[in-house]
Amino acid sequence: MSTLILEGLSKNYGEVEALIGVDLNVGDGEFIVLVGPSGCGKSTLLRCIAGLEKQSAGDIRIDDRSITGVQTRDRNVAMVFQSYALFPHLTVAENIAFGLRIRRTDKSVIEERVAHAAGLLGLGELTGRYPRELSGGQRQRVAMGRAIVRDPVLFLFDEPLSNLDAKLRVQMRTEMKALRQRLGITSIYVTHDQDEAMTLADRIVVMNNGRIEQIGTPMELYDAPVNLFVAGFMGSPPMNFIELHRKGGNSGAQLETASGQPVPLPERGLSPGVRSVVLGVRPEGLRIDDGGPLKGTVEVVEPKGSETQVFVRLDDLHLLCVTAGKRATFQPGDPVGIAFDATESHLFDTDSGQKITTEKGTAA
Amino acid sequence: MDDRYVILVGRWVVLTLGVFWSAFPIFMVVSSSFKTHLDIFAVPPKFIFQPTFDNYVLLFREWPQFLDGLVNSMIITVGATVLTAITSLLAGYAYSRFHSRLLTLSAFFMILVRMLPPIVVTIPLFPAVNAMGLSDTHAILILLYAAFFVSLATWILKTFIDQIPRELEEAAEVEGSSVWQRLVRVVLPLSVHGMVAACVFVVVFAWNEYVFALIFTSNEAKTAPLILAEISGAIEGVQWGILFAAASVQLLPILAFVLLVQKFIVTGITAGAVKG
């Protein structure tokens, strides 16, 4: 059980800045998920913590002790790789015991710990097999076993579920959550799958272009994204964005879409200088209502079983996703109206992408 | 006729011809070693005959130095192979995992030297070898043979090590291993097949090599091929039966070695290292 502090962590590859001044405090036993698009720096951050990459600037502290100059092998962290990185010439038991053998742990202790880890992960019958004789899910479990058997101070996961098929991924996600609840070890988990992030994390760190965009609990990020990037990244299907232009003064119904449809947002009180904004509403925040202020045409209907996603063409620029009931009977080509609750919407600055804090509080 | 059938038959014909082409001379040498002098030169050749071990008895009675030559060949071959394997593994690892201008330059130099005829590089060494007291020792041939093959073996091993995912080493590093532990516990077992492939070249060369053995040995470290040459050039005339028996004995370890290691060469033991 440990705490982790990152202070002003930067990493450059020549001219390329992979990490730019990353600050992060991870509490004891906390499960942090790093999310972001490919190349955003999340794996680089993980590798810096592991010591597999040297940071260009900044400090990494575990339990308030700097590990910046400490070699990877002496950091006592465990890492689960995307490819599992199992040793193909060693059996499951030998793979799990690898770190203990390196540390010359007593043989009886190794056997006891390997048996415990294998039992915990449901690998008891497979300890004599080689990685090539295992399924993807079993290999993933072996990689987990190798990580937990040593009692490390920190777990690092680098997209550990991304090589599994969709069904197995969901199953392993549940198993992983149960395991982390049992073990309670401080963990940093990298993924580009925001579903995984939402279900596993105590807190999520959203990264983009080497910077942290926002840190918060899954619901904080979902409900109160600080900018367009976070708003668009978190949630599946993603938040709908509608660019609005200001007409007239600074009161209620002055905002309208590019095609001239007025959008009433009476409580906003936008500052007078703002001429255009981006309205963000999640699919479940929109509803199909003939009396709604936005008018469009149904383009695609996707039944999902528990709900139906209806894609409505507002104008050339905007195709909105609306979550409707599971027995929704819309057909492509149907003219529909769309309504939304202003309290579930967000306004973002068109230029900076930042959430607009209005005179009467935040836009949401 | 079905094209697949034609291809199958064609393949078998080519394979049979290939095997016959390679194996027939060996068959003739080995079978002749069990023939009497008259049977060896019988026209047409005798494929069914009364075998005799006289040639082998005569070989070890009249040429006891051949046994010493075999022992010397064995020591030199094993020594050169082990030395090549160790140095090539280390060099192959360095070339595979580290990159710098100096390394590129050294790789270029290594290949350049290998391009030159070995005799050109080696003859000038003679005075130095003498001065160091290495002449007619096992050590000089071990060093020479290893030096000839270290470049080829290094590139074979570099290619194999390139195929070992770096993540395996990183996983081992995170698990607490030093660079040497990673080399011994991860890289070495996973490049065994590459090492065996490289060693086949060294073993075959070192076991059969004649010219450098002739130049650098005279008595103590004389290898089996030199004794074979002496048998074939004996003043009292060539004793063909003895020569064939000696050639057969010389063949035996190489055949055994190739049969022993063939499974290592064909087995891809990195299967299952990564996803899939």
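The values are calculated or read from the model by the stated rules, or taken from the named source; none is laboratory data. The shown structure was predicted, so the numbers you read here are calculated from the model rather than taken from an experiment. No Cβ is skipped: glycine too gets one built from the backbone with ideal geometry, and neighbour counts run over all protein chains shown. The protein model used for the area step is the full one, side chains on, heavy atoms only, and it has no ligands, DNA or RNA in it. Shrake-Rupley method; radii C 1.70, N 1.55, O 1.52, S 1.80 Å.
Before moving on, here are some points about what is shown:
- Failed criterion for A:Leu164 (all others in (1) buried (at least 21 other Cβ atoms within 10 Å of the Cβ); (2) not in a helix (DSSP H, G or I) hold): (1)
- Scan of the range A:100-115 for residues that are more than 14 Å from every other protein chain (Cβ to nearest Cβ) and open to solvent by 70 Å² or more (accessible area, probe 1.4 Å), ordered by number: A:Asp106, A:Lys107, A:Glu111, A:Glu112
- Condition met for A:Glu15 (open to solvent by 60 Å² or more (accessible area, probe 1.4 Å), under 26 Å from the mean Cα position of the chain (by Cα) and more than 10 Å from chain B (Cβ to nearest Cβ)): no
- Test for A:Ile32: is it β-branched (Val, Ile, Thr), open to solvent by less than 50 Å² (accessible area, probe 1.4 Å) and touching a Leu at 6+ places or on another chain (Cβ under 9 Å): yes
- Candidate set from the range A:61-81 (those that are among the β-branched types (Val, Ile, Thr) and in contact with a strand residue (DSSP E or B) (Cβ under 6 Å, 6 or more places away or on another chain)); member that is farthest from the other protein chains (Cβ to nearest Cβ): A:Thr68
- Failed item, numbered, when A:Ala118 is tested on (1) away from chain B (no Cβ under 14 Å); (2) over 20 Å from A:Ala178 (Cβ atoms); (3) open to solvent by less than 40 Å² (accessible area, probe 1.4 Å): (2)
- For the range B:170-259, the helices (runs of 4 or more DSSP H) that sit wholly inside it and include 1 or more residues that are away from chain A (no Cβ under 14 Å) are B:192-208, B:211-216, B:224-232.
- Evaluation of B:Ile26 against (1) surrounded by 15 or more Cβ atoms within 10 Å (Cβ to Cβ); (2) of a type outside the set (Asp, Glu); (3) touching a residue at least 40 places away in the same chain (Cβ under 8 Å) (one fails), failing number: (1)
- First in the range B:138-152 and more than 9 Å from B:Ala80 (Cβ to Cβ) and touching a residue at least 40 places away in the same chain (Cβ under 8 Å), second anywhere and among the hydroxyl-bearing types (Ser, Thr, Tyr) and buried (at least 24 other Cβ atoms within 10 Å of the Cβ), Cβ under 7 Å, 6 or more apart: B:Val150/B:Thr84; B:Val150/B:Ser88
- Residue in the range A:121-136 that is in a helix (DSSP H, G or I), under 19 Å from A:Val33 (Cβ atoms) and either in contact with a His (Cβ under 9 Å, 6 or more places away or on another chain) or of a type outside the set (Asp, Glu) (or both) present: no
- Screening B:Thr81 with (1) open to solvent by 30 Å² or more (accessible area, probe 1.4 Å); (2) in contact with a helix residue (DSSP H, G or I) (Cβ under 7 Å, 6 or more places away or on another chain); (3) over 15 Å from B:Met110 (Cβ atoms) gives one miss only, at (1).
- Positions within the range A:122-151 being hydrophobic (A, V, I, L, M, F, W, C) and either within 14 Å of another protein chain (Cβ to nearest Cβ) or touching a residue at least 40 places away in the same chain (Cβ under 8 Å) (or both), in sequence order: A:Leu126, A:Leu134, A:Val142, A:Ala143, A:Met144, A:Ala147, A:Ile148, A:Val149
- Count of the range A:82-99 residues which are facing another protein chain (nearest Cβ under 9 Å), more than 17 Å from B:Arg166 (Cβ to Cβ) and in a helix (DSSP H, G or I): 1
- The residue that is nearest to B:Asn208 (Cα to Cα), counting only those in the range B:233-263 that are more than 15 Å from the chain's Cα centre (by Cα) and modelled with pLDDT under 85, is B:Gly233.
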